[in-house]
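Presented below is the structure to which this report refers.
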Amino acid sequence: MLFVGVISGTSVDGLDVALLDDSRGLAVPAGAHQQIPEDLRKELIALATPGDNEVERLGRSNVYLGAWTGQCVLEFLDANGFSNSDVRAIGSHGQTIRHHPEPPHPFSLQIGDASVIAEITGIDVVSDPRSRDLAAGGQGAPLVPIYHLAQFLTDDTVRVVVNIGGIGNITVLDGVKRSVAAGFDTGPGNALLDAWTQHHLGRPFDDDGAWAKSGQPSSELLERLLADPYYSTAPPKSTGKEVFNLAYIQEALATCPAIEANDAQATFCELSARTIADAISRWGTGEADLEDVVVCGGGRHNLELMRRLSDRLSHVSVVPSEDIGVNGDFVEAAALAYLAKLFVEHRPGNCWEATGASGPRVLGCLYPGA
Ligand SMILES: Nc1ncnc2c1ncn2[C@@H]1O[C@H](COP(=O)(O)OP(=O)(O)O)[C@@H](O)[C@H]1O
Ligand SMILES: [Mg+2]
């Protein structure tokens, strides 16, 4: 049975589409990355921060993103020799516009109209995977641990899966108990690196981390950034780009002596590496059992970030997911496909001990295709 997963991550770098083949041990036979139309991308980025006439703009973008997502799925299936009747369901994440898990009214808002996706594709769509976990008192994040558990668990050892998107998250997999020992957002992954690159170089991201590599981290700025209480807060916890963005950088820089732009970039790179490594040390299961750290998501392409992460975790092997035979660009999309599978089987999709929810819940809402 085939499932399709689609997600546009917080980086708004594009739509990731993955096919999950349930009959072949959750194999991912195909994945694709689609560039978002520029006018839509600009509007999605704008909607992520408060602005004028948001409801109207959100309504339009919701439908536009849904229509474009549906089209992408059809093209993806066609390119891989499949038709809509081959697919049991689509798991759609959409684009996060706000993530506010804090009480008294916790919510996480993703757009990309599932009715439109269902109408265009004729396939059942399962969307809105976060709300039910939030309703049960959880963070609604991260969503990926249950898929990491199904795909990355090793026998008798501890493996940490790190996903470096705009925000970083980790899943600690305990191979002895065969369970998720922890899963939470570590803080900025690429978010600050991207924001500073866009601001200074006018490019979407720091290719291979070359700009960060050309600088030296500033200890004052690093200390200032590390003082953010998010890092010392015990999980469950989650965060978003409404916190870690250009305004956050500018506020931090205002309280530090002037530093070169590339040194600031090196500092943000060290911050991401350091906070991921610290999260593993603090809330993993202890270093003795830790076998390896597997990195997926776009941040693994940032060689300077990977080098700094390896340096910080020098006692274990830190490898891109390709080293264990998994394409790290499609893990999140595959996780959405897996959540759709769990939904149609009426099985819970949240790792509730990790998210802090009061129990296991079936995640999402069904939009029938036909
Ligand atoms: N070649 C590269 N060099 C450095 N960073 C990269 C490279 N390719 C991708 N990235 C980073 O990965 C990000 C996209 O990662 P992704 O996992 O899609 O994040 P999200 O889930 O937030 O969309 C880009 O914004 C960029 O920061
Ligand atoms: Mg992305």
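The values are calculated or read from the model by the stated rules, or taken from the named source; none is laboratory data. Bear in mind that the values here come from a model prediction, so they are computed numbers and not experimental data. In this analysis, Cβ positions are derived from the backbone assuming ideal geometry, glycine residues included, and neighbour counts consider all displayed protein chains.
Computed quantities for the displayed model
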read-out	value
Answer from Asp194, Asp155, Asp207 - the residue that is within 16 Å of ligand 2 (Cβ to nearest atom) and free of Cβ contacts under 8 Å to residues at least 60 places away in the same chain	Asp207
Answer from Phe268, Phe184, Phe244 - the residue that is in contact with a strand residue (DSSP E or B) (Cβ under 9 Å, 6 or more places away or on another chain), assigned to a helix (DSSP H, G or I) and in the same structural domain as Gly299 (by TED's automatic domain parsing)	Phe268
Some residue of region 222-236 being touching a residue at least 60 places away in the same chain (Cβ under 8 Å) and either near ligand 1 (Cβ under 10 Å from one of its atoms) or out of contact with any Pro (no Cβ under 6 Å at 6 or more places or on another chain) (or both)	yes
Any hit, region 77-96, residues being at positive phi, small (Gly, Ala, Ser) and touching a helix residue (DSSP H, G or I) at 6+ places or on another chain (Cβ under 8 Å)	yes
Number of the condition not met by Glu291 [criteria: (1) at pLDDT below 95; (2) within 16 Å of ligand 1 (Cβ to nearest atom)]	(2)
Search result, residues across region 179-191 that are away from ligand 2 (no atom under 16 Å from the Cβ) and either more than 12 Å from the chain's Cα centre (by Cα) or at negative phi (or both)	Ser179, Val180, Ala181, Ala182, Gly183, Phe184, Thr186
Matching strands (runs of 3 or more DSSP E) fully within region 1-120 where at least 2 residues are among the β-branched types (Val, Ile, Thr)	2-8, 87-100
Search result, residues across region 135-155 that are on the phi < 0 side of the Ramachandran plot and either of a type in the set (D, E, K, R) or surrounded by fewer than 24 Cβ atoms within 10 Å (Cβ to Cβ) (or both)	Ala135, Ala136, Leu149, Ala150, Gln151, Phe152, Leu153, Thr154, Asp155
Members of region 10-31 that are surrounded by 19 or more Cβ atoms within 10 Å (Cβ to Cβ) and away from ligand 1 (no atom under 16 Å from the Cβ)	Leu19, Leu20, Ala30
Whichever residue in region 164-178 is of a type in the set (Gly, Ala, Ser) and at pLDDT 95 or above and, among such residues, is farthest from ligand 2 (Cβ to nearest atom)	Gly168
Top-ranked residue in region 156-185 [being under 17 Å from Tyr230 (Cα atoms) and away from ligand 1 (no atom under 13 Å from the Cβ); ranked as surrounded by the fewest Cβ atoms within 10 Å (Cβ to Cβ)]	Ala182
Given (1) closer than 21 Å to Leu149 by Cβ; (2) within 12 Å of ligand 2 (Cβ to nearest atom); (3) not β-branched (Val, Ile, Thr), index of the condition Leu15 fails	(1)
Region 240-277, residues that are surrounded by 24 or more Cβ atoms within 10 Å (Cβ to Cβ), under 18 Å from the mean Cα position of the chain (by Cα) and not aliphatic (A, V, I, L, M)	Lys241, Phe244, Cys269, Ser272
So Ile7, is it surrounded by 16 or more Cβ atoms within 10 Å (Cβ to Cβ), within 15 Å of ligand 2 (Cβ to nearest atom) and without any contact (Cβ under 8 Å) to a residue 40 or more places away in the chain	no
Failed condition for Arg300, given (1) over 26 Å from Pro204 (Cβ atoms); (2) within 13 Å of ligand 1 (Cβ to nearest atom)	(1)
Enumeration of residues in region 325-349 that are acidic (Asp, Glu), surrounded by fewer than 22 Cβ atoms within 10 Å (Cβ to Cβ) and within 16 Å of ligand 1 (Cβ to nearest atom)	Asp329
